[in-house]
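Quick notes on the structure that follows.
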Amino acid sequence: MAVNSSNKSKIIYTFLAWTIGGLIFFPILWTLLTSFKTEAEAISASPSLFMFDWTLENYKEVLSRSPYFTHFWNSIVISIGSSLVGLLIAIPAAWSMAFVPTKRTKNLLMWMLSTKMLPPVGVLIPIYLLFRDFDLLDTKTGLVIVMTLINLPIMVWMLYTYFKEIPNEVLEASRMDGATIGDEIFYVLLPIALPGIASTLLLNVILSWNEAFWTLILSAANAAPLTAFIASYSSPEGLFYAKLSAASAMAVVPILILGWFSQKQLVRGLSFGAVK
Amino acid sequence: MMKKILMLACGALLSSATFAKETITIATVNNGDMITMKELSGEFTAKNPDIELKWVTLEENILRQRVTTDVATKGGQYDVMTIGTYEVPIWGKQGWLAELSFDDSYDLDDLIPAIRSGLTVDEKLFAAPFYGESSMVMYRKDLMKKAGLDMPKEPTWAFIREAAKAMTDKEAGVYGICLRGKAGWGENIALITSMSNSFGARWFDENWKPQFDSKEWNETLNYYVDLMEESGPPGASANGFNENLALFQTGKCGIWIDATVAGAFVTNKDDSEVADQVGFALAPDNGLGKRGNWLWAWTLAVPASSQKSEAATKFISWATSKEYSNLVASKKGWAKVPPGTRMSLYANDEYINAAPFAQITLDSIQSADPVNPTVKPVPYVGVQFVAIPEFQGIGTAVGQQFSAALTGRVSAEQALSSSQRLVQRTMRKARYPKK
């Protein structure tokens, strides 16, 4: 009887999980399918899921009209660059907050998080003027800096949470063995917190890859990443859904593949310390 | 020996100066005519080897946000900007744009006067029109015949309602009328504001007092909502240009009132199932002397912050010239020539034969008057918009009210009274009337 009810609930949960997964994945699937349709089929009032004339014409046109690989390279540099620079700052910051807290650490953490609550457009003009004066407009360096700063609060928070799970005694033991602060972080803390650091890195690569406010505003012809590539295929007068879908598919597939290969690491890191 | 080295160095310097290319960055929208311009720009660079072009193509709203930020902060990211007739008078007045001057071969007097006047501030031309458009009636001749009616060249709104009703066959999925319903200052507001002009309504009186509580606005919105309820397609509040284009091309619409550029799409046999059955007429009127058509042009301008204004002006001169029209005609055919900017295009028989909607386009553009858009006097410039910086915000907010009235969530009267309140509030905050 107990086995039966456990099987039943397993089936229900599996069904629920697949349904939710299907719902989340459906827009991506729809985009992929639309990218193989003609423009007329893409906007048809009675769209077909699979029974349509499959065509690669949209991909051909998108590749001939835009420098896809330049945008792709810019996205790689900006997302990975900003995540690595962010880690360099966030690891020591999270270490000090987790292991050498003061009475204001919590307030400081909350203040850092509060910067994420401000609508980005609120600081658009000052940041634009700073970029103009420092010659950072339309440069990858500028975008790496802004992406690093935007994601830093989340990185510090995530790492702080992981580091808090590590017993202070382990670090104390290394100190007793004569480790410096650098040794303590590099040889003791980082190996233990590696899943957390990896998931922080991956999550920030994804966040930077998908960021579509600052990357669109602060770039023009030279540093524009894939978000600008997608934005160039929407049109107010003329059919564009199929080409836009092809551009979107080409922009999301690399990050989907990265997510697929690193999902184990990502889930492990995100659930690190969740059950205690 | 020293002399030789010096001469070589001078030669190298000279040659590097000769071949140093000036790069201009062009921001543009993803419309068919702009894509053609980008494709054909090799002809320009072949003639001007000292100029290199870099393109930034973006969705209209994103482009607007980007170029506005750049021009307002003098960022200097772009040397040529694609902007509309809404921005030119505002930006020209602010000193954000460089004045354009061309040589005699450009033939400035050939530009359509209604378009040119919208791009001129204090006698100075701040942008050159790349393509211009108005709005017109597109209808199915076969359905009109079946309904036993004849579309006049200058229809009235009363006739449109009667014809739309007679053409509607909801069971067969054919709807008499397709109009924009999607909320936005460039979406439903473009259509309904143009429509309201022909009903005698206006956004503001001479003292900048909002007029949504007027009888004329009440008549306009009630007509629009009733017409769409009677003969419009389901879910019309989500329909913009592209959705209605798809409906019309697949034979689901009897009448579609929208941009004149749609003429080329609906008569294109590759995409349109009804290409052979499309007729054109002027936008409707209500017997008050103003038709319900708008006036818009995508233009090319040079921001005042550009360091390469000479090269940028050279490019604009090429892209908006007669020579460019001829180039497009030779490579893509006359029907693909950017319309609505030059009178000479409409005197060209080859163009008239290739584009059956050409004369209606010209008549529509010429009948629109951005300075006196409606029956009563107004303090603003613009036919389907009000050329003030606040309009994007209030236009979209009012558009949401009108869209809600179309869905039936609120009545036309409620939508108008909410619009009156929200526009009043914005204008009070912005301290209108400005001294």
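General observations
- The set of residues in segment B:386-416 being under 21 Å from B:ILE90 (Cα atoms) and aromatic (Phe, Trp, Tyr) consists of B:PHE391 alone.
- Note on segment B:16-38: among residues that are closer than 17 Å to A:ALA221 by Cβ and assigned to a helix (DSSP H, G or I), the one that is farthest from the other protein chains (Cβ to nearest Cβ) is B:MET37.
- Checked against the criterion of being more than 14 Å from every other protein chain (Cβ to nearest Cβ), closer than 30 Å to A:LYS60 by Cβ, β-branched (Val, Ile, Thr) and out of contact with any strand residue (DSSP E or B) (no Cβ under 6 Å at 6 or more places or on another chain), the candidates A:ILE145, A:ILE206, A:ILE150 yield just one match: A:ILE206.
- Residue under evaluation B:ASN218, criteria (1) touching a Ser or Thr at 6+ places or on another chain (Cβ under 6 Å); (2) surrounded by fewer than 19 Cβ atoms within 10 Å (Cβ to Cβ), criterion not met: (1)
- Qualifying residue in segment A:114-136 (condition: outside any loop (DSSP other than H, G, I, E, B), closer than 19 Å to A:ALA224 by Cα, within 13 Å of another protein chain (Cβ to nearest Cβ) and touching a Phe, Trp or Tyr at 6+ places or on another chain (Cβ under 7 Å)): yes
- Residue in segment B:95-108 that is facing chain A (nearest Cβ under 10 Å) and under 24 Å from B:GLY186 (Cβ atoms) present: no
- From the list A:PHE52, A:PHE36, the lone residue that is surrounded by 11 or more Cβ atoms within 10 Å (Cβ to Cβ), more than 30 Å from A:ILE181 (Cβ to Cβ), modelled with pLDDT under 90 and over 26 Å from the mean Cα position of the chain (by Cα) is A:PHE52.
- Residues of segment B:44-85 satisfying the condition of being within 11 Å of chain A (Cβ to nearest Cβ), assigned to a loop (DSSP other than H, G, I, E, B) and either surrounded by fewer than 17 Cβ atoms within 10 Å (Cβ to Cβ) or in contact with a Phe, Trp or Tyr (Cβ under 7 Å, 6 or more places away or on another chain) (or both): B:THR73, B:LYS74, B:GLY75
- Entry remark, segment B:228-239: residues being hydrophobic (A, V, I, L, M, F, W, C) and crowded, with 20+ Cβ neighbours inside 10 Å number 2 in total.
- Considering residues of segment B:145-182 that are in contact (Cβ under 8 Å) with a residue 24 or more places away in the chain and within 14 Å of another protein chain (Cβ to nearest Cβ) only, the residue surrounded by the fewest Cβ atoms within 10 Å (Cβ to Cβ): B:GLY173
- Counting only helices (runs of 4 or more DSSP H) that fall entirely inside segment B:306-362 and contain at least 1 residues that are within 18 Å of the chain's Cα centre (by Cα) and within 24 Å of B:PHE126 (Cα to Cα), the qualifying elements are B:309-319.
- Scanning segment B:242-296 for residues that are of a type in the set (Phe, Trp, Tyr) and within 12 Å of chain A (Cβ to nearest Cβ), we see that the one that is surrounded by the most Cβ atoms within 10 Å (Cβ to Cβ) is B:TRP296.
- Summed over segment A:6-44, residues that are part of a helix (DSSP H, G or I), of a type in the set (D, E, K, R) and within 14 Å of chain B (Cβ to nearest Cβ) total 2.
- A:ALA45 more than 30 Å from A:THR141 (Cβ to Cβ), more than 29 Å from the chain's Cα centre (by Cα) and in contact (Cβ under 8 Å) with a residue 60 or more places away in the chain: no
- Lone unmet requirement of (1) in contact with a Phe, Trp or Tyr (Cβ under 9 Å, 6 or more places away or on another chain); (2) of a type in the set (Gly, Ala, Ser); (3) over 30 Å from B:GLU162 (Cβ atoms) for B:ALA311: (1)
Residue-wise test of (1) over 18 Å from B:GLN359 (Cβ atoms); (2) at pLDDT below 90.
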site: B:CYS253; (1), (2): yes, no
site: B:ALA259; (1), (2): no, no
site: B:ALA264; (1), (2): no, yes
site: B:LYS269; (1), (2): yes, yes
site: B:SER272; (1), (2): yes, yes
site: B:PHE280; (1), (2): no, no
site: B:PRO284; (1), (2): no, no
site: B:GLY289; (1), (2): yes, no
site: B:TRP296; (1), (2): yes, no
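- The set of residues from segment A:209-240 being more than 9 Å from chain B (Cβ to nearest Cβ) and acidic (Asp, Glu) comprises just one member, A:GLU211.
- Filtered by the rule that a residue be acidic (Asp, Glu), touching a residue at least 40 places away in the same chain (Cβ under 8 Å) and out of contact with any strand residue (DSSP E or B) (no Cβ under 7 Å at 6 or more places or on another chain), segment B:104-117 gives a lone residue, B:ASP107.
- Just one of the listed residues (A:VAL170, A:VAL156) is surrounded by 18 or more Cβ atoms within 10 Å (Cβ to Cβ) and part of a helix (DSSP H, G or I), and it is A:VAL156.
- Selection from segment A:237-256 of residues that are in a loop (DSSP other than H, G, I, E, B) and among the aliphatic types (A, V, I, L, M): A:LEU239
- Of all residues making up segment B:364-390, the number that are more than 19 Å from B:PHE199 (Cα to Cα) and surrounded by fewer than 22 Cβ atoms within 10 Å (Cβ to Cβ): 4
- For segment B:118-137, residues that are in contact (Cβ under 8 Å) with a residue 60 or more places away in the chain and over 26 Å from B:ALA264 (Cα atoms) total 1.
- Selection within segment B:113-144 - modelled with pLDDT under 95, buried (at least 23 other Cβ atoms within 10 Å of the Cβ) and in a loop (DSSP other than H, G, I, E, B): B:LEU119
- For segment B:182-200, taking the residues that are at pLDDT 95 or above and outside any helix (DSSP H, G or I), the one that is farthest from B:VAL378 (Cα to Cα) is identified as B:PHE199.
- In the set A:PRO47, A:PRO92, only one residue is at pLDDT below 95 and either among the basic types (Lys, Arg) or outside any helix (DSSP H, G or I) (or both); that residue is A:PRO47.
- Taking the listed residues B:GLU123, B:GLU87, B:GLU154, the one that is farther than 26 Å from B:GLU323 by Cβ and outside the structural domain of B:ARG66 (by TED's automatic domain parsing) is B:GLU154, with no other qualifying.
The values are calculated or read from the model by the stated rules, or taken from the named source; none is laboratory data. Computed from a predicted structure; not experimentally measured. Using ideal geometry, Cβ is built from the backbone for each residue, glycine included, and neighbour counts are taken over all protein chains shown.
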